[in-house]
Amino acid sequence: MSEDFSNVNEPGEPSSGTAQIPMGIMIVLILLGYIGCYKVDQLNANFAANVHAPFTEPDEVASLAPSAEELLVARGKQIYSKSCVACHQANGAGSGTDIPPLAGSGWVLGDPATIVAITQKGLIGPISVAGKNFGAGTMTPAGETLSADELAAVISFVRTEWGNRGGTIGTDVVNAARKTVNDSGQNGQWTVDGLRAAGFAVPE
Ligand code: HEC
C-alpha cells in the first residue's frame, strides 16, 4: 500500500523574488559615498596634475616652486661652471693677477650689452676692473657658441652672484647686443677702445 503525501503541509519550493533595500539605508549609503568622493577630491586638490601628497592645494605647491628668475640664475650657474669658471673661478674673484674678478666689477654691474659683446668676441686688455689694472691675459670668445637663452642665463648669474646686485636679463638684451656686435664688423677680440667705438658702455 502506497502512502499519499500530497496533502502533507510543508512549505512550497523556495523561489526568487525581489526585495527592496529599505529607503533609509539607501539614503545613508548614497550620503556616505558622496562624502567619500568629496573627501578624496579635497585631499587631492581635485586631482590637479601638479599636486601630490603631502600637498592638498595648487597654491601650496606654487608657493614652493622656484621663480622664473631663480631658475634662470640656476641655469646660468651651470653654464658658468662650463664656460667661465676655468678663468674667473667659482668665487668670481679671478686669479688676482691676469684674470680680473667678476664679483664687484663695474663691467658686470654696468650695461649688460657690454658683457654680451665681451663674451661674444673675447677681450684683449689692458683694462681696469674695480680699480685694478689687468692685461696680462686675454679672454677667449667664451660665449660665442652659447644660445641667446644660455648667454642670458650666465650673464644673469654673474650679475646676481657673489653679492653683485645687477639684476637678471632676458634674451632680448642678448639679441640686441649681438646685432650691434655684428653690425660693428668687429673681427677678433675687442680692445677697450674698440668696445667704446662700437657704442658699448665701458666703465671708468
Ligand atoms: C680663457 C679665460 C677666460 C674665460 C674662459 C672667460 N674669461 Fe672673461 N675675461 C678673461 C680675461 C683675461 C679678461 C680680461 C681681459 C684682459 O685682461 O685682456 C676677462 C674679462 C671679462 C670681463 C670684463 C672684466 C671683468 O672682470 O668684469 C667680463 C664681464 C667677463 N670676462 C665675463 C666672462 C664670462 C661671463 C665668461 C663665461 C661665458 C668668461 N668671461 C670667460 C678671461 C676669461
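Where a number appears in this text, it was derived from the coordinates with a stated rule and is not lab data. Computed from a predicted model, the values in this text were never measured in an experiment. With ideal geometry, Cβ positions are generated from the backbone for all residues, glycine too; neighbour counts draw on all protein chains shown.
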Calculated FRET value between ASP193 and SER81, using beta carbons and R₀ = 35 Å, to 0.05:
0.65
Given a Förster distance of 35 Å, report the FRET efficiency between ASN175 and ALA48 from their Cβ-Cβ distance, rounded to the nearest 0.05.
0.45
What residue among VAL73, ALA62, ASN187 has its Cα farthest toward the positive end of the dipole of the chain, where the charges are +1 on Lys, Arg and -1 on Asp, Glu, each on the Cβ?
ASN187
In nm, give the distance between the simple-model label positions of THR140 and ASN182, each being 7 Å from the Cα along the Cα-to-Cβ direction.
2.4
Three-way shape label, segment 46-127, alpha-carbon gyration tensor, a/c 1.5:
prolate
How far is helix 148-160 tilted off the main Cα axis of the chain, in degrees rounded to 10, range 0 to 90?
80
MET26, MET139 arranged by Cβ crowding within 10 Å, fewest neighbours leading
MET26, MET139
Across the chain, how many lysine pairs, 8 or more positions apart or on different chains, have C-alpha atoms separated by under 26 Å? Please give the number.
7
Calculate, in nm to one decimal, what ASP149 and GLU13 gain on full extension: separation in residues at 0.36 nm each, minus their alpha carbon distance.
40.5 nm
Where the only charges are on Cβ atoms (+1 Lys, Arg; -1 Asp, Glu), what is the dipole of segment 152-204 about its Cα centre, to the nearest 20 debye?
80
The chain: calculated mean residue ellipticity at 222 nm from DSSP helix runs of at least 4, using -39500 (n - 2.57):
-14000 deg cm²/dmol
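Label the chain by shape, choosing from rounded, prolate and oblate, from the square roots a ≥ b ≥ c of the eigenvalues of the Cα gyration tensor; if a/c is under 1.5 it is rounded, and otherwise prolate applies when a/b is larger than b/c, oblate when it is not.
Prolate shape, in that a/c is at least 1.5 and a/b is the bigger ratio.
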By how many degrees, 0 to 90 and rounded to 10, does the Cα axis of helix 68-83 deviate from the longest principal axis of the chain?
50
Cα axis of helix 171-184 to longest principal axis of the chain: angle in degrees, 0 to 90, nearest 10?
30
Please work out the FRET efficiency for the pair SER67 and ILE30, using the Cβ-Cβ distance as r and a Förster radius of 35 Å; give the result to the nearest 0.05.
0.15
